Amino acid sequence: SDFVSHPRGKSSDGLQLFQLNQLHLGRTQFFVPESELRRVMAQHILDGDFSYVQQEAMEQVEAGAGALDVSAMIPGSKEAKLLPAIVQHVQAVVDVPLCISASTPAALRNALDVYEGRALVNALPADHVTLAAFLPIVAEYDTACAIMCSDDNGIPSDVGPRVAIAEK
């Protein structure tokens with residue numbers, strides 16, 4: 001199978017469109033909402049089956065991905081337990097850097113404990129409370145870090161407000 005991401009957008013009536021992935025199976029082409037792919041992958045992970053994640057990781061690297069974003073933010077799951085398992089299973093089959101997205105300091109610490117190499121911590125919110133919890137871990141593990149320039153209203157669409165958030 002081959003997945004090709006299509007950018008999110010809004011229709012002319014202002015409704016948010018799902019991000020779609022193009023799935024090729026033989027000569028047949030399907031468009032699958034990203035939310036459905038995530039649901040299927042999440043169910044495999046919750047069932048303790050990481051082969052689906054490993055297969056997706058290998059396919060993305062074979063298609064040219066130079067790094068992979070990994071997360072375990074599955075509603076109702078134990079992210080602090082699942083994220084390190086995902087990291088280990090993905091690193092077992094591909095040799096590209098991982099960008100780790102975690103919603104709790106415990107999940108981040110556990111993932112970095114098992115990570116082989118220097119990780120990139122991805123998508124930390126720019127608010128002071130969150131940064132105060134995560135940055136000591138980032139510093140302890142000497143990881144690179146990407147911080148989202150967002151606030152209580154989300155990510156601004158214009159550059160000026162993003163810069164203002166980053167400067168806070």
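Counting only other residues whose beta carbon sits under 15 Å from that of VAL129, what net charge do I get with K and R as +1, D and E as -1?
Numbers: positive: LYS168; negative: ASP127, ASP151, ASP152.
Charge balance near VAL129 sits at -2.
Under the classification rounded if a/c is under 1.5, otherwise prolate if a/b is larger than b/c and oblate if not, where does segment 49-154 fall, given a ≥ b ≥ c as square roots of the Cα gyration tensor eigenvalues?
Numbers: a/c = 1.66, a/b = 1.60, b/c = 1.04.
Taking the square roots of the gyration eigenvalues as a ≥ b ≥ c, segment 49-154 is prolate.
Rolling a 1.4 angstrom probe over the protein heavy atoms, how many square angstrom per residue are accessible across segment 25-166? Please report the intermediate quantities before stating the final value.
On the way: 8140 Å² over 142 residues.
Counting only protein heavy atoms, the per-residue value for segment 25-166 is 57 Å².
How large is the accessible surface of ILE137 in square angstrom, using a 1.4 angstrom probe and rounding to the nearest 10?
Estimated to the nearest 10 Å², ILE137 gives 10 Å².
Accessible area, 1.4 Å probe, largest first: how do LEU98, LEU120 sort?
Ranking LEU98, LEU120 by accessible area, largest first, yields LEU120, LEU98.
Nothing charged except the Cβ atoms of Lys and Arg (+1) and of Asp and Glu (-1): what's the magnitude of the dipole of segment 58-138 about its Cα centre? Round to the nearest 20 debye.
300
List the residues, sorted by chain then number, that are 5 or more residues from CYS99 or on another chain and whose placed amide H is less than 5 Å from its amide H.
It is LEU68, ASP69, VAL70, by chain and number.
Could you please report the charge total around ALA119, scoring K, R as +1 and D, E as -1 over all other residues with beta-carbon less than 13 angstrom from its beta-carbon?
Residues near ALA119 contribute -3 overall.
By DSSP, what percent of the beta bridges with both residues in segment 42-161 are antiparallel, rounded to the nearest 5?
Rounded to the nearest five, the antiparallel share is 10 percent.
Sort 45-53, 156-164 for me by packing, meaning the mean count of neighbouring Cβ atoms within 10 Å per residue, highest on top.
Per-residue mean Cβ counts within 10 Å order the peptides as 45-53, 156-164.
The values are calculated or read from the model by the stated rules, or taken from the named source; none is laboratory data. Computed from a prediction, not measured in an experiment: that's the story for all the values here. Heads up, the Cβs are rebuilt from the backbone with ideal geometry, glycines too, and the neighbour counts pull from every protein chain shown. For accessibility, only protein heavy atoms count, side chains too; no ligands or nucleic acids. Shrake-Rupley method; radii C 1.70, N 1.55, O 1.52, S 1.80 Å.
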